[in-house]
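Where a number appears in this text, it was derived from the coordinates with a stated rule and is not lab data. The structure presented is a predicted model; accordingly, all values stated were derived computationally and were not measured. Counting neighbours? That spans all protein chains shown, and the Cβs are built from the backbone with ideal geometry, glycine included.
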Amino acid sequence: MVSLGDKIKTAIYENGLSQVNLANKLNVDSSTVSLWIKNKRMPRYEHLTRIAEITGKPIEYFMESIEGEKKDKIQKNLAMNPNQTMYNANIMDYKLVPIRVVGEVKAGTITYQNDLGGDNEYILYPLELLMNVPMNKQITAEDYIILNKRFGIVKVKGDSMSPRIMEGDFVIFDAFQQPRNGDIVIYSSNEGIVCKYYHIKNNEVRLVSENIEYQDIIIDRANESEYFYHGIVLSTIKSFL
């Protein structure tokens, strides 16, 4: 079997690109691309999909060269195309289910955004990456009702969570899980919705940005009634636009 590194090397050279050219397009160091090509490091899923887009290759072309735990790691970061029109199908042995886009989240200081629970837009996502279910499970109407209550998607605006979460990305959250220190969470107040790191100490919740230019949001007993927890972020659907 041809290695992933050899496929990446062949794909970029077929398109007249060098390792430096590819690194610049992906906004990574050229040494990182070199490690991929030498099979000494595994590219993240978002990088692999971008390589496929740049070189005109289907993502399956690269996935065929990945096995075992490395393939599982890539698949756990699988993000479906938001423009996909299929309702329920199997891609790479996953059952796709529609997850509701419930609004927009400001990844920065809180400003007014759409109310959670608004839109009727849906994005397809592999059910097996959201929860532990048998691969052959048949999804019933009742299951869809529960999924609609448990999982939601919000679109990110702003740059306070960059570079990990960029403006235009979609994040999937789970409303049934309680947050732990270090989780990325969705909170809202009467001023809007935010996506932040969650930290709690001595009954004080601190919502922290990835971007150090933004101030923390403090939730304590004095203002806790003003904030509502919506869920922890499970995954990010990257935008390349």
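One table, with the values for the structure above:
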{"quantity": "Proximal charge balance of Thr10 [Cβ under 15 Å; K/R count +1, D/E count -1]", "calculated": "+1"}
{"quantity": "Vicinal HN-Hα couplings computed from phi for region 228-236 (Karplus, 6.51 cos²θ - 1.76 cosθ + 1.60; Hz; Gly/Pro x)", "calculated": "10, 7, 9, x, 9, 7, 9, 7, 10"}
{"quantity": "Semi-axis lengths, Å, region 4-75, gyration tensor of Cα atoms, sqrt of 5 times eigenvalues", "calculated": "18, 13, 11"}
{"quantity": "Long-range HN-HN contacts of Ile193 with modeled amide H, under 5 Å", "calculated": "Lys106, Thr111, Gln113"}
{"quantity": "3J(HN,Hα) from dihedral phi, region 18-30, Karplus parametrisation 6.51/-1.76/1.60, rounded to Hz, x for glycine, proline", "calculated": "9, 4, 5, 4, 5, 4, 5, 5, 8, 6, 10, 6, 4"}
{"quantity": "Long-range amide H partners of Ser235 with built H, under 5 Å", "calculated": "Ile172"}
{"quantity": "Amide H within-cut-off set for Tyr122, under 5 Å, with H built and near neighbours excluded", "calculated": "Val101"}
